[in-house]
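Everything on this sheet refers to the single structure shown next.
Readers should treat all values here as calculations from the given coordinates under stated rules, not as data from a laboratory. Keep in mind it's a predicted model, so treat the numbers as computed, not measured. No Cβ is skipped: glycine too gets one built from the backbone with ideal geometry, and neighbour counts run over all protein chains shown.
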Ligand SMILES: [Zn+2]
Ligand SMILES: [Zn+2]
Ligand SMILES: [Zn+2]
């Protein structure tokens, strides 16, 4: 049994994603940019799950930082 660092549940290694150190259930809801925080939505351009800190909201849409940068929505590269 391994403890998931996100939800704190104990899961067997079959249900654990070792690459991101979280259980499979959490890995499906984690931000796909940082893999640290829970995602709050999808990027309107690439469709990735993104957390609040790794996304930029423009009107009713949300973009991941990579797409936002590509679209010129953010001028400066944020510190990781
Ligand atoms: Zn979990
Ligand atoms: Zn993130
Ligand atoms: Zn994106």
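Helix-only arithmetic for the chain: the sum of -39500 (n - 2.57) across DSSP H runs with n ≥ 4, divided by the residue total, places the mean residue ellipticity at 222 nm at -2500 deg cm²/dmol.
Fewest-first ordering of 38, 30, 60 by other beta carbons within 10 Å of each residue's beta carbon gives 60, 38, 30. By other beta-carbon atoms within 10 Å, ranking 42, 10, 18 with the fewest at the front produces 18, 10, 42.
Of the residues 51, 7, 43, 64, the one with the fewest other Cβ atoms within 10 Å heads the list, and the complete ranking is 7, 51, 43, 64. For the chain, averaging the sequence separation of C-alpha pairs within contact (under 8 Å, six or more residues apart) and dividing by the residue count gives a relative contact order of 16 percent.
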